[in-house]
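Structure record follows, encoded as structure tokens.
Nothing in this text is a laboratory measurement; each read-out follows from the coordinates by a stated rule. Here the structure is a predicted model, which is why all the values come from computation and not from measurement. Virtual Cβ from ideal backbone geometry, glycine too; neighbours counted across all protein chains shown.
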Amino acid sequence: MVENYPYTSGTSLSPVVLFDSVSSGYSGRKVLENVSFQIDEPAIYVVLGPNGAGKTTLFRTLAGILKPYSGRAEIGGYSSESQQARKQLDYLTHIDGMPEGMSVINALRFYANIAGATETDVQRVINILDLGDLSFKRFGQLSQGQKKRVSVGRIFLKEKKVYLLDEPTSNMDPKMAGDIRDLVLRLSKDKVVLYSSHNLFEAREIGSKVLVIKNGKLALFGNISDIKTEKYTIGVRTLGAEEVPNAFGKEGDYYLFELSGPQEVPRLISKLLAKNVQIREVKEMQNPLEELFK
Amino acid sequence: MRMQNINMLYFLSPIVMIAFSIGLIAYWKIKKRFTIWALLLSLVAFAGAIALKYVVQYFTAQPFAEVVGGNLVALGLYFGLQTVFFEVGGAYLAAKIAFSYGKIRADDAEGYGLGLAFWENAVLIGGSALLNFIVIYATLAGGGSVAQQLFDSLSVSSPELFSSTFTALQQVGFSVIERVSSLFLHFSWGLLCVFAVAFKKNRFLLLALPMGLADFIVVYTGVLGILNFELLLFALSLLCIIVTLWFTKAERKNASSMSLSISEGSMRLTSLVKTNFKRALSFGSVYLIICIALSLLLGGILNGVASMVTDAESPAIISQSFPLILPLLTVMGSFGGLMVFVSDRTKGVYEYLIAYGVNVSEIFWSTLLTTLGLVTITLGISIIGNIVLLLLMGGTMQLAMFELLLLYTIPISYASIAFMTMAGMIWSSITRRIPGVNSPIGIATLLGIGPCLVVLILSSFFTGSSFLLLVGGVTLILAVLVVAMLVVANKSMNRERLLSEA
């Protein structure tokens, strides 16, 4: 928790991100209550919490979209609502936010103009995210994954000090989610990245620091290794009606397996295939965070 | 006297002024900068001043003249002080408000002055004179009893219109000198007002205010003679611009560097308006096409009905009454802007824009400007199309039609659609998504059509100049409501209202 910050507005002494006793929400209804933390070091900070915990509200307050009811939200020593703070920050919401009816390249140009980026930056983003083939397609014609990729591209338009990424891999297939995480890791050199997720195993893959939000309050701010989970449950659905060996139970069509983490999934699949189990689908059966908050 | 047409040289004067005013703006845009805000703010300042002068003179000019009799000093002060307070004072007030919102900056000073001169010389004087000459020329060329009546009337009121080439050239020369003088004056006080605000130096305002007294000498035209009057006015205005440039030498050098910090706002707005305008054209294209097609169909029907009427006056009145219906159709043709607003809010675009530093006021302004652009396109095509249709179907243009267009169709269309758009945006922001007729777009349409219908219904009770007051009054009320909504939205609208509900 934060108390008595050495506060010097907009100088090198100012914390990169400061949340001091912030309460925030919508139409007078508090979603975040008295949340305090301070970030000084560049790293990926994973913001964990179940749906409705207040992750998006935290991001919207830091991005200067929501005005705190009380407390101070600052970026680089400036109020998060100020232009100076906004210049240091980029923000990716869980919504695509692409203007309807525009082609991919024109939508990126639109945001580049607003953000003060150049045509060269737009072309760079198209190359980084391999959007060349999609450039002249209308945003509405893209698949969910392609839409997310274009949306993520926006944060690469201009280099910033702080990045707020609100569930950037939601609705993505595992390969694309992995690619995006790689990009975020590249982005995070010398930067502060706040990355929200409701998946602890994704959090472990990408970050070393964690902020856990529970019922609008900060439950934990520390190293991700401080969080321990007992088990990681996987469900396997088969094509046929055969019995699946070593499953500890069944939930609907899914045979349940307890593993120590996602890294064990490929080995489990190989084992099952070796035993002639015809696998139709593999999925996480329960959100590990639900365990964390029990 | 045998009927003849006006000397075509008279067209030169407005054409030269319009070309000169636009050319100067284009030059300044290329050389330094001229923003949409400079143009808009100068319009607000200029139109507000002219409207106030009109209202004051409508109620006080005759009683004042009766009280002071032929006292030229009193009359000169009467007109001069109105220019001081309304034009120069208004220009300062508009610049002050715009500066406090970051919409104008020190290096917009020249652009603001050029904008004021543009609205006076290219639009109010040049535009109306050109339109007037076109109508007179077309009517006289058409011949018949209407042309003869017009010729007889003009022979008495403006005989110089039929003068020889030499006299016409002289008149055109005087007119051009007068407009150049006006350009110098407007440029000077526009620049001084912005600098007074930007550099917080009241001496610039004190320098600008007396310049409005140039109108003091207008009442002496008869005493001085036209040549002396124009030369005196030119000398005064030249003095004003020299004094202005001399006293602002240092500030003009520093203006650009001082303005860098607030340049992003206007760049963002320009970018938003450009993009949204293209999208609004695409979103609302169906409505735009239907609106223009309906207006042409209506024009065709009116011309058809007119050709079947046998008495002398009715055909012209019927065939030229299309301007009455145009505002109602234009409301429909201008939906695109509001559609873009609702779509962007729903799709979460505004969440990103706000995070990039775009404020609520910029979002509302961009939609408003986009919509007014659509109004210009819809009205422009409908008016030109109807005039072409009228001529193709053998009709002749009359002054009354142009008066109706200028004094009713254009102002009421812009004002009611601006009102519709602002109300629609606020409605959309403070309510949850509602489909169908109860949606913001559905409700806003009624708000747009309402004022036009009110004016149309009341027009039977208000004739002549009182109709002008009715239209002016409704337009002014709508304009005040639009400004009030913009101010309230900017001050009180929470940013969260523009977030997507997804």
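So here's what we get for this one:
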quantity: Within 10 Å of each Cβ in A:92-98, the average number of Cβ atoms from other chains; calculated: 6
quantity: For A:Ala219, distant residues with modelled amide H under 5 Å away; calculated: A:Val212, A:Ile213, A:Lys214
quantity: Estimated vicinal HN-Hα couplings, Hz - segment A:111-123 in sequence order (Karplus 6.51, -1.76, 1.60; Gly, Pro = x); calculated: 5, 4, 4, 5, 7, x, 8, 10, 4, 4, 4, 4, 5
quantity: Rounded Å value of the spacing that divides the Cα centres of segment B:467-502 and segment A:51-67; calculated: 30
quantity: Chain B, relative contact order in percent, only Cα pairs under 8 angstrom and at least six apart counted; calculated: 16
quantity: Within 10 Å of each Cβ in A:81-87, the average number of Cβ atoms from other chains; calculated: 3
quantity: Segment B:129-191, Rg to Rh (Cα coordinates; Rh as Kirkwood inverse mean 1/r); calculated: 1.14
quantity: Per residue Cα convex hull volume in Å³ - calculated over segment A:89-147; calculated: 90
quantity: Unit Cα scatterers, Debye sum, segment B:367-502: log10 I(q)/I(0) for q = 0.08, 0.16, 0.22 Å⁻¹; calculated: -0.28, -0.92, -1.35
quantity: Segment A:28-159: C-alpha gyration tensor shape, a/c 1.5 cut-off, then a/b vs b/c; calculated: prolate
quantity: Peptide A:64-75 - average C-beta neighbours from other chains (10 Å radius); calculated: 2
quantity: Shape of chain A, Cα gyration tensor, a/c cut at 1.5; calculated: oblate
quantity: For peptides A:53-63, B:353-363, A:108-118, sequence by mean Cβ density within 10 Å, most packed first; calculated: A:53-63, B:353-363, A:108-118
quantity: log10 of Debye I(q)/I(0), alpha-carbon scatterers only, for segment B:339-408 at 0.12, 0.29 Å⁻¹; calculated: -0.54, -1.25
quantity: Listed peptides B:478-488, B:292-302, A:75-85, B:217-227 by packing density, highest first (mean Cβ within 10 Å); calculated: A:75-85, B:292-302, B:478-488, B:217-227
quantity: Shape call, chain B: gyration tensor on alpha carbons, a/c limit 1.5; calculated: oblate
quantity: Chain B, helix-only ellipticity at 222 nm - DSSP H runs n ≥ 4, -39,500 (n - 2.57), divided by all residues, nearest 500; calculated: -25000 deg cm²/dmol
quantity: Relative contact order computed over segment B:349-440 (Cα-Cα under 8 Å; 6+ residues apart), in percent; calculated: 33
quantity: Theoretical ellipticity at 222 nm over chain A - DSSP helices of four or more residues, -39500 (n - 2.57) apiece, nearest 500; calculated: -8000 deg cm²/dmol
quantity: Segment A:198-251: proportion of alpha-carbon pairs further apart than 13 angstrom, %; calculated: 70
quantity: Percent RCO, i.e. relative contact order, over segment A:19-165, from Cα pairs under 8 Å lying at least 6 residues apart; calculated: 22
quantity: The protein assembly as shown: proportion of alpha-carbon pairs further apart than 54 angstrom, %; calculated: 27
